[in-house]
Structure formats: structure tokens, C-alpha cells
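See structure below.
Each reported figure results from applying straightforward, stated rules to the coordinates on display, with no laboratory input. All figures in this text were calculated on a predicted structure; none of them were measured in a lab. Cβ: placed from backbone, ideal geometry, glycine included. Neighbour counts: every protein chain shown.
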Amino acid sequence: MSPEHVGTREPVNPLAPPGVYAPQEDTELLAGALSDEPIPPNADVLDVGTGSGALALEAARRGTRVTAVDVSWRAVCATRLNALMAGVPVQVRHGNLFDPVRGRSFDLILANPPYVPAPGDERPPRGAARAWDAGGDGRLVLDRICREAPAMLRPGGVLLLVQSALSGPELTLGHLREAGMKAAVTRRRHIAFGPVLRGREQWLRERGLLSAAEDREELVVVRAELPV
């Protein structure tokens, strides 16, 4: 997740209390990819790192059976409240990524994980920064999703994942293809640097993650499908 901009696409507008990741432009971009996905009403959907539950609510409004997971208890409580107010059923679980749903399989997995490269990557992120800080290369959580998501999908199942170009979409595609999935970038959007990236701009350029000419961040959606 990137703590940069609030998205405007309706109805991605749940309540996000302090300490809970609020819907932003990466949420909006992934919600657009979800709206394009031809999923049947009875599909089983998993939203990992649900935050305020924006994507879980979007999927539930289509009549799917949705499970949402977050490592933050505040996010779990917020998602339960937002689902109640929206009048849609969402099963919400507390835990780290796929841990609470081991042994289950899904038709669709949604993921807006932490993906912002962060200095001091030897220290695990704490507090609200857990929603965006992802180690020195931004792949602390992305690599785990690439390793574990294929085994959680049913034949023909789809993973929709949003990340920054700063954290290596080509690595994501490579890992997913190595796992036997058909993977491609299906959506892109350039956004202005927000407070976090502006604060790290010099460090990102020194690391070679930003060129001297770049003044915007690119977000991408990766779609990966498991063969039938």
C-alpha cells in the first residue's frame, strides 16, 4: 500500500479510523481491475491486507463469498463495522496474510500489500507504517504473496495485486510465472509523490530506484491466473 492519495472512485468509501489504511489511489486502481473481472456471484474471494475493507466490500456487493484478513486488530474491527454498515456479509479474520485461511482455496485473491521501499530494512515496520513499508527493496510482503498465493487458488483462479513500479513488477511477474501462472500487468497509473516518497526521494535516487528525471510514482496491477 502507498500512503499517498485518497481515491475518488465510488463506492470505495468505507470508514478508516486512525491507524487503519484508508482507500487511496492504489485501492481505486485495484477496484477497477476487480470490476473488470468476470467472477460468478458464488465465487470465494480472499482480500489479504484488507485495511478498511474497501475491496472486500466491493467484492461482496457482487454476491461473492468474501473473507478478509488483516494483521491489524484495528483494521479487523473497522472492516467488520464497514461491512455491517454496508449490509454485506464479509468474514473477517485477524492474522498475517494467508495464515488464518490455511487449508482453504479461493477463486479470486485480492492484495494491496505494503510495497514502499524503506531505509533501515533490518527493522520490521511498526504501527501505521506496516501498511506501506516493505523493506529495502519493497518486496518484503510481495515475495511471500508470490510464493504462497498460487497454492491458495483453485484451477482457473485469479490473483489481482497492486504495487509500485519502485518494487519491481517484473520480479512479481517472474515469480508468478515460475509458479505456473499466466501473469501480466493489466493496469497502470502515474501519481504525484506523496509525503512518504517525498521524504525518501533522495534515498530512493541514491539506491537507483528513482532516476534523476522521475517525479511521479507508477502504480501497476498484476493479474495472474492459474491454469485449469
*Taking the Cα atoms of the stretch 67-176, report the difference between the largest and smallest coordinate on each principal axis, in whole Å and largest first.*
40, 35, 22
*Relative to the compact-globule scaling 2.2 N^0.38 Å, provide the ratio for the alpha-carbon radius of gyration of the chain.*
0.94
*Quick one: what are the phi-derived ³J(HN,Hα) couplings along the stretch 179-195, Karplus 6.51/-1.76/1.60 with θ = phi - 60°, whole Hz, x for glycine and proline?*
7, x, 9, 8, 10, 7, 7, 10, 9, 9, 8, 9, 10, 5, 4, x, x
_Residues Leu81 and Leu171, FRET efficiency given R0 of 30 Å [Cβ-Cβ distance, rounded to 0.05]_ = 0.25
*If you take the square roots of the eigenvalues of the alpha-carbon gyration tensor of the stretch 109-228 and sort them as a ≥ b ≥ c, do you get rounded (a/c under 1.5), prolate (a/b over b/c) or oblate?*
prolate
*Between Ala151 and Ala212, what length in nm is gained on full extension when 0.36 nm per residue of separation is reduced by their alpha carbon distance?*
18.0 nm
*Can you tell me the order of 162-170, 188-196 when each peptide is scored by its average per-residue count of other Cβ atoms within 10 angstrom, highest first?*
162-170, 188-196
*Would you calculate, for the chain, the mean residue ellipticity at 222 nm contributed by helices, counting each DSSP H stretch of 4 or more residues as -39,500 (n - 2.57) and dividing by all residues, to the nearest 500?*
-9000 deg cm²/dmol
*Can you put Trp132, Trp73 in order of Cβ neighbours within 10 angstrom, beginning with the fewest?*
Trp73, Trp132
*If you take the beta carbon distance between Arg205 and Ala184 as r and set R0 to 35 Å, what does 1/(1 + (r/R0)^6) give as a FRET efficiency, to the nearest 0.05?*
0.75
